[in-house]
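Here's the structure we're looking at; comments come further down.
We did not get these values from a lab; they are worked out from the coordinates using the rules stated. Since the structure is predicted, the reported quantities are computational estimates derived from the model, not experimental observations. We place every Cβ from the backbone using ideal geometry, glycine too, and count neighbours over all the protein chains shown.
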Amino acid sequence: MTGAQWDGYYRGDGVRRAVDLPEAPPWRTFPRQPMSAVFQPPPGLREAVNAALWLRRPLLITGLPGSGKSTVIEQVSAELDFGPVLRWHVTSRSTLTDALYQYDALGRIHAQRLGAGDDGGGADDIAPFLQLGPLGTALLPSPRPRALLVDEIDKSDLDLPSDLLDVLESGEFEIPELVRYERDEVRVRLHQSRDTAAVVRGRIACTQFPFIVLTSNGEQIFPAPFLRRCVRFTMPRPSPEALRALVGAHLRMDVPEGGPVADIVRAFADRLEAGEALAIDQLLNAVFLLSREGAPQGVAREELAALLMQELSRA
Ligand SMILES: Nc1ncnc2c1ncn2[C@@H]1O[C@H](COP(=O)(O)OP(=O)(O)OP(=O)(O)O)[C@@H](O)[C@H]1O
Ligand SMILES: [Mg+2]
């Protein structure tokens, strides 16, 4: 299909044709490839991450959409062997308890009814109805710290940052359902895993403070007591050189200083400089579609560039 018209797949004529799609961009192949090898840390980020690691404090990363905030932790965790990143995607409905553990009380009652009259061995076992959330899993005692992404904390209910602070200060929490439970030790499932961990008398206390990244687009102003307990970093506006390196890393090639890719990068950098809100994904999309063999030329190229590079705040 090389050299095929870039837009020759869907034609809008309703005629059936089971053609193979073109090769996907390297960052859109599935299963997802880890981003740790291609992430290019902006100036100052390395120091901020190291400060957070030394101080055992969460790192609060602020910045524009698509500036790489959610990707930082993948590289840190891969480099320092913290295991798979635990992800907590915060919304206005998120609660601290959900992030610590989930208890399916109704499911347990149902199972108790079904099991009534059997030998009593397993019917009232609470373990299948409990699961740790991302934060609860990150606070389990472990030989190495875990990495926890608290993504988009600025979308949370106003009380959440302070609630979270309490748990992060003490590094421990209780599961009341287990504190009251008849057996001392219960094995509880971990977040997004089939593994279990032993919880004794309902109390979980970390032995290694997790590496935590909190991300924010700046939609919420956090209280001072919260801010003072975090290391804070704002993603800087990337320079044209940084953008070239980043595109090269994603496309796995060296981007020369002149030529079509460099031109797209420069146009993107100029718009950022002028204060427009554009995401790095948009640059990657534009480079992928506009710099390939058979890419549209002339007016069609301008139109495609405009389609891909629409400013975010005007969405
Ligand atoms: N410094 C960088 N090096 C390499 N790739 C980057 C960099 N910054 C961003 N990207 C790429 O840009 C895309 C968007 O990054 P990411 O999702 O981390 O942004 P974000 O700041 O979390 O955005 P949002 O606020 O919308 O959640 C990802 O595909 C990521 O790989
Ligand atoms: Mg993000």
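Quick notes on this structure:
- Inter-residue pairs, beta-carbon under 8 Å, first over 14 Å from residue 305 (Cβ atoms) and in the range 258-276, second of a type in the set (Gly, Ala, Ser), 6+ apart: 269/239
- Any hit, the range 29-44, residues being surrounded by 11 or more Cβ atoms within 10 Å (Cβ to Cβ) and of a type in the set (Phe, Trp, Tyr): yes
- Annotation note: of 239, 216, the sole residue that is crowded, with 18+ Cβ neighbours inside 10 Å and within 15 Å of ligand 1 (Cβ to nearest atom) is 216.
- Conditions (1) under 17 Å from residue 152 (Cα atoms); (2) away from ligand 2 (no atom under 16 Å from the Cβ); (3) not charged (D, E, K, R); number of the one not met by residue 107: (1)
- Elements of type strands (runs of 3 or more DSSP E) contained in the range 135-221, each with 3 or more residues being within 16 Å of ligand 2 (Cβ to nearest atom): 147-151, 211-216
- Of all the criteria given as (1) surrounded by fewer than 19 Cβ atoms within 10 Å (Cβ to Cβ); (2) in contact with a strand residue (DSSP E or B) (Cβ under 9 Å, 6 or more places away or on another chain), the one not satisfied by residue 233 is (1).
- Residue 186 satisfies every condition listed in (1) over 25 Å from residue 81 (Cα atoms); (2) surrounded by fewer than 20 Cβ atoms within 10 Å (Cβ to Cβ); (3) among the β-branched types (Val, Ile, Thr) except (2).
- Hits in the range 81-103 - residues which are surrounded by fewer than 20 Cβ atoms within 10 Å (Cβ to Cβ), under 30 Å from residue 282 (Cα atoms) and not small (Gly, Ala, Ser): 84, 87, 89, 91, 93
- Hits in the range 237-273 (condition: under 20 Å from residue 27 (Cα atoms) and within 24 Å of the chain's Cα centre (by Cα)): 238, 242, 243, 244, 245, 246, 247, 248, 249, 250, 251, 252
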